[in-house]
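The structure follows.
The values are calculated or read from the model by the stated rules, or taken from the named source; none is laboratory data. From a predicted model like this one, the values you see are computed outputs, not experimental measurements. Please note: Cβ atoms are built from the backbone with ideal geometry, for glycine as well, and neighbour counts cover all protein chains shown.
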Amino acid sequence: MQAAATIKLTAPVRQRAHWTDHIATAAIVLVALALLAFLAAPLAAILLQSLENAEGRFVGLANFISYAQSPALLQSLWNSLWVSALVTVVTVPTAFAFAYALARSCMPFKGFFRTLTLVPLLAPSLLSAISLIYWFGNQGVLKNLMQALGVEQIYGAPGIVLAEIFSVFPHALMILITALTLADARLYEAADAMGTSAARKFWTITLPGAKYGLISASLVTFTLVITDFGIPKVIGGNFNVLATDVFKLVIGQQDFQRGAVVALLLLAPAVLTFAVDHWVSRKQTAMLTARAVPYAPKPSRGRDTVSTLYCVGVALLLLAMLGMAVFASFASFWPYNLAPSLRHYTMGLVDAEVGTAFVNSLKIAAGTAFFGTALVFVGAYLLEKTRGPAPLRAAVRLLAMLPMAVPGLVLGLGYIFFFNAPSNPLNGLYQTITLLTACTIVHFYTTGHLTAVTALKSLDAEFEAVSASLKVPFYKTFWRVTLPICTPALVDIARYFFINALTTISAVVFLYAPETKVASIAILNLDEAGEIGAAAAMAILIAAANTVATLLFMALGAWVGKRTQAWKKP
């Protein structure tokens with residue numbers, strides 16, 4: 001009896017899971033099911049479609065072999081690769097010089113230049129293509145100058161390259177400014193003490209310190225260009241790339257099998273870019289340690305003057321692109337009657353019924369901002385602040401990171417194959433506002449998720465530990481503590497979702513019906529109909545709507561900050 005009692009007393013005590021842990025696990029399962037249904041399943045449908053013939057029989061790699069034997073399609077692949085590489089080679093050094101001027105000089109009006117470079121993010125990418133047509137097209141202002149430089153026409157590769165540089169410049173700039181801002185002043189002080197020249201400091205300290213930012217900016221730029229659809233569609237002419245090939249194969253020729261093959265080819269560089277970027281980020285070491293001294297640039301008349309002149313030059317080019325689109329949208333009849341009028345806005349909103357599409361875009365943007373922010377933040381909270389089965393949590397983390405490596409065109413094509421299947425119980429969602437909203441949320445999910453995780457990781461885990469010891473359910477801690485503290489991040493996530501939902505083209509180009517058409521797609525239709533003035537007007541309206549939304553989100557952030565961030569004040 002004593003031995004039995006001893007065994008009973010010394011046996012490890014099994015801790016039973018609290019009932020709130022079961023709720024957290026169930027919530028994570030719901031997030032996982034949503035990501036499986038709206039992300040993993042459509043991608044699997046693309047893979048399955050690429051391995052079948054038109055009758056639905058398995059044919060293995062026959063579709064890939066057929067693609068490899070098509071000279072026209074292989075030419076599109078080569079066109080996409082060299083155009084993306086050229087844009088990257090031009091954009092990254094240009095953005096690096098601009099970022100260097102902002103971060104490492106004492107030039108004036110830094111805030112103005114920084115704000116100006118963010119303006120292209122508020123408009124659809126095809127706005128730059130429309131502006132180039134007005135500058136260098138068949139009736140362009142500078143058509144003769146372009147021909148004098150040896151370029152016969154802007155349509156094709158020249159137009160795609162120039163428009164993409166304008167479109168992706170802000171993305172590369174944001175990464176590079178962050179890379180150059182994080183610098184230890186002690187390295188430069190030591191170099192000055194040893195009499196190191198400015199050029200040598202740049203090559204031995206500045207450039208190595210920013211190399212990971214340069215790699216990330218290059219990868220992001222290359223991926224954005226090779227997967228973009230709007231610009232090649234508007235100004236590409238007969239110059240085919242992978243993104244336009246997918247559209248022609250699926251919509252024009254109804255060749256879903258080859259469309260799936262091309263979609264997988266588009267997915268490959270994006271996945272490779274994501275993998276390389278992940279590997280590079282793991283290799284990166286901290287630039288600012290606990291003993292580091294933040295770098296503050298010292299005035300230098302020569303450097304500051306050169307930096308100012310360079311930024312003014314880039315700013316003038318950006319203003320030329322934006323200004324031409326605004327001017328052309330008000331011109332009565334280009335190029336014969338340039339008197340300002342609202343003809344193109346009336347034509348777009350009323351005659352072409354873009355007004356309905358614009359309302360649909362606002363609905364999708366609002367839904368994406370609200371439901372996307374809620375899903376992203378709740379999912380991130382469950383992963384970071386609650387307990388649950390390790391395999392399930394690992395799977396959700398992987399699914400949360402996957403959208404970053406999936407181009408919008410590929411995701412939209414997957415939605416066709418998956419949600420348009422008659423046997424799918426979710427078939428009723430096809431071509432609805434709901435599905436367009438879900439697709440947009442999934443497309444931009446990763447950035448919102450990373451923002452939420454960053455905000456949550458800044459909170460001490462003791463909040464949850466103390467709550468558990470006091471028998472307080474995790475959802476009460478979430479509502480009373482975590483959510484109020486993280487409201488600034490929530491506003492940023494909602495703003496990111498809203499702006500991108502209004503400007504996205506590739507993610508929804510396959511999914512709309514006549515009654516659910518969105519404004520960005522309506523711009524493409526106007527351009528195809530030859531109404532480029534009305535297309536410019538609608539692009540300007542989207543940029544204006546995003547500008548107003550940005551100001552409203554800034555006001556919301558200030559109001560929320562006063563109500564929930566008082567603890568930060570001394």
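When region 517-546 is examined, which residues are found to be without any contact (Cβ under 8 Å) to a residue 12 or more places away in the chain and within 25 Å of the chain's Cα centre (by Cα)?
ALA544
Another question, then. Which pairs do you get when a residue that is in contact (Cβ under 8 Å) with a residue 40 or more places away in the chain, found in region 367-395, comes within reach of a residue that is part of a helix (DSSP H, G or I) and of a type in the set (D, E, K, R), reach meaning Cβ atoms under 6 angstrom, with the pair 6+ apart or on two chains?
So the pair list comes out as LEU383/ARG393; LYS385/GLU464; ARG387/ASP21.
Okay, next question. The conditions are (1) in a helix (DSSP H, G or I); (2) among the aliphatic types (A, V, I, L, M); (3) buried (at least 18 other Cβ atoms within 10 Å of the Cβ), and ILE154 fails exactly one of them. Which is it?
(1)
Please enumerate the residues belonging to region 426-449 that are small (Gly, Ala, Ser) and under 25 Å from VAL220 (Cβ atoms).
ALA438, GLY448
Picking from THR273, THR305, which residue would you name as being surrounded by 15 or more Cβ atoms within 10 Å (Cβ to Cβ) and either aliphatic (A, V, I, L, M) or modelled with pLDDT of 65 or more (or both)?
Details: THR305 fails: surrounded by 15 or more Cβ atoms within 10 Å (Cβ to Cβ).
Matching residue, one of THR273, THR305: THR273.
From the list ILE226, ILE177, which one is among the hydrophobic types (A, V, I, L, M, F, W, C), modelled with pLDDT of 80 or more and crowded, with 23+ Cβ neighbours inside 10 Å?
Sole residue among the options that is among the hydrophobic types (A, V, I, L, M, F, W, C), modelled with pLDDT of 80 or more and crowded, with 23+ Cβ neighbours inside 10 Å: ILE226.
Let me ask something else about it. Which residue out of ARG387, ARG397, ARG343 is at pLDDT below 85 and out of contact with any Gly (no Cβ under 7 Å at 6 or more places or on another chain)?
Checking each option against the conditions leaves just ARG387.
Continuing with this model, one more query. Taking into account only those residues within region 505-522 that are of a type in the set (S, T, N, Q) and surrounded by 24 or more Cβ atoms within 10 Å (Cβ to Cβ), which is nearest to GLY408 (Cα to Cα)?
Top of the filtered list is SER506.
Now for a separate question. Looking for whichever is under 30 Å from THR547 (Cα atoms), crowded, with 23+ Cβ neighbours inside 10 Å and at pLDDT 90 or above here; the options are SER167, SER125. Which one fits? Talk me through it step by step, then tell me what you get.
Working: SER125 fails: at pLDDT 90 or above.
Within the list SER167, SER125, the selection yields SER167.
If you don't mind, there's one more thing I want to ask. Can you name the residue in region 348-373 that is on the phi < 0 side of the Ramachandran plot and either surrounded by fewer than 14 Cβ atoms within 10 Å (Cβ to Cβ) or over 31 Å from the mean Cα position of the chain (by Cα) (or both) and is also modelled with the lowest pLDDT among such residues?
ASP351
Within region 133-146, identify whether any single residue is buried (at least 19 other Cβ atoms within 10 Å of the Cβ), more than 30 Å from the chain's Cα centre (by Cα) and either free of Cβ contacts under 8 Å to residues at least 24 places away in the same chain or closer than 22 Å to LEU318 by Cβ (or both), and answer yes or no.
yes
I've got another one for you. Kindly indicate whether any position in region 402-414 is without any contact (Cβ under 8 Å) to a residue 12 or more places away in the chain and assigned to a helix (DSSP H, G or I).
No, region 402-414 contains no residue that is without any contact (Cβ under 8 Å) to a residue 12 or more places away in the chain and assigned to a helix (DSSP H, G or I).
Taking TYR496, is it surrounded by 14 or more Cβ atoms within 10 Å (Cβ to Cβ), part of a helix (DSSP H, G or I), within 21 Å of the chain's Cα centre (by Cα) and of a type in the set (Ser, Thr, Tyr)?
Yes, satisfied.
Which one of these does ASN525 not meet: (1) at pLDDT 85 or above; (2) part of a helix (DSSP H, G or I); (3) crowded, with 19+ Cβ neighbours inside 10 Å?
If we test ASN525 against (1) at pLDDT 85 or above; (2) part of a helix (DSSP H, G or I); (3) crowded, with 19+ Cβ neighbours inside 10 Å, just (3) comes out false.
Within region 374-403, how many residues are over 21 Å from ALA260 (Cβ atoms) and either within 14 Å of the chain's Cα centre (by Cα) or among the aromatic types (Phe, Trp, Tyr) (or both)?
3
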